[in-house]
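I have placed the structure first, in the form of structure tokens, so that the comments after it can refer back to it.
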Amino acid sequence: DAGVIQSPRHEVTEMGQEVTLRCKPISGHDYLFWYRQTMMRGLELLIYFNNNVPIDDSGMPEDRFSAKMPNASFSTLKIQPSEPRDSAVYFCASSLTGRAGELFFGEGSRLTVL
Amino acid sequence: GQSLEQPSEVTAVEGAIVQINCTYQTSGFYGLSWYQQHDGGAPTFLSYNALDGLEETGRFSSFLSRSDSYGYLLLQELQMKDSASYFCAGGQGGKLIFGQGTELSVKP
């Protein structure tokens, strides 16, 4: 069974550009999470969905960040406009109801904003 | 709010036993998980304690005491490949909050 799939793996862009990160969760998982990891702040939860519905977006840093989950097999995290401080590794993870402590992470998208 | 505290780094020798502690402050907390992350890789799930006590999975064990807001990960028979960062994570509802991570260095 395929794991969580993220794209792109690496993205280098210039300040002010729009960035879209994509995630395909494990089939059958009903929770999807977006995390951001930096040396300074560690692993931060940005937003999570249950059955495609956003439940908690309190971790989204600013209005420049938005996330969608149009169906059970796809989610996007968009940054517009991007800034150098957004440089980080963005992880998508999924899990099943009843196994909330066990998240399956994708390989991450490493974003560099110049 | 929620916060989890763990040591920033630990060093041990191959074949030894090491314990990584995690204390937390949270409301509505329901369990403690542990994750391993190698440099450049993704966090991978190691264990989950929903109830007090010890859970054992091979060389790794995890313990939780909810009355003490405390847990630990115990790694036995350390191997070089165990050098990685280890995160404790606590949950509320469907949300999982991670500690800052403990970098474990295993020396020959």
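Under 1.5 on a/c is rounded, so check that first for region B:3-63, then, if it is not, pick prolate when a/b is larger than b/c and oblate when it is not; a ≥ b ≥ c are the square roots of the alpha carbon gyration tensor eigenvalues.
Prolate.
Mind checking which of A:Arg85, A:Arg64, A:Arg22 has the largest fluctuation in a GNM of chain A, springs on alpha carbons under 10 Å?
Top of the fluctuation ranking is A:Arg85.
Place a point 7 Å from the Cα of A:Val12 along the Cα-to-Cβ direction; which residues of region A:72-91 have their backbone N under 19 Å from it?
A:82-90
Work out the FRET efficiency for A:Asn71 and B:Ile17 from their Cβ-Cβ distance, taking R0 = 45 Å, and round it to the nearest 0.05.
Between A:Asn71 and B:Ile17 the formula returns 0.45.
In nm, give the distance between the simple-model label positions of B:Ala50 and B:Phe29, each being 7 Å from the Cα along the Cα-to-Cβ direction.
1.8 nm
Arranged from highest to lowest average of other beta-carbon atoms within 10 Å per residue, in what order do the peptides B:5-14, A:45-54 appear?
The peptides rank, most packed first, as A:45-54, B:5-14.
Which longest run of chain A has no exposed loop site in it, a site being GluC sites (Glu not before Pro) in a DSSP loop with at most 11 other beta carbons within 10 Å, and the site itself not part of the run?
A:63-114
Summarise the partner chain shielding of A:39-45 as one whole number: the mean count of Cβ atoms from other chains within 10 Å of each residue's Cβ.
Mean shielding by partner chains, rounded to a whole number: 4.
Percent of Cα-Cα pairs per 5 Å bin, from 0 to the last occupied bin, for chain B, please list those.
2, 13, 25, 25, 19, 9, 4, 1, 0
Quick check on the protein assembly as shown: take the gyration tensor over C-alpha atoms, sort the square-rooted eigenvalues as a ≥ b ≥ c, and tell me if it's rounded (a/c under 1.5), prolate or oblate.
Judged from the Cα gyration tensor, the protein assembly as shown comes out prolate (a/c at least 1.5, a/b above b/c).
Just to confirm the filter: which trypsin sites (Lys or Arg not before Pro) across region B:8-108 are DSSP coil and have at most 14 other Cβ within 10 angstrom of their Cβ?
B:Arg59
Tell me, how many Å apart are the Cα centres for region A:86-111 and for region B:25-99?
Here the two parts' Cα centres lie 16 Å apart.
Sticking to Cα atoms, compute the Rg of chain A to one decimal and its Dmax as the biggest Cα-Cα distance, whole number, in Å.
13.3, 41
Determine the gain in length on full extension of the stretch A:Thr20-A:Glu83; use 0.36 nm per residue of separation and subtract their C-alpha separation, reporting nm with one decimal.
Between A:Thr20 and A:Glu83, full extension yields an extra 21.3 nm.
Evaluate the distance, in nm, between pseudo-label points positioned 7 Å from the Cα of A:Thr112 and of A:Ile5 along their respective Cα→Cβ axes.
If labels sit at A:Thr112 and A:Ile5, their model points lie 2.6 nm apart.
No lab work stands behind these numbers, since they all come straight from the coordinates. Because the structure is a prediction, the values reported are computed rather than measured. For neighbour counting, all protein chains shown are included, and Cβ atoms are generated from backbone atoms with ideal geometry for every residue, glycine included.
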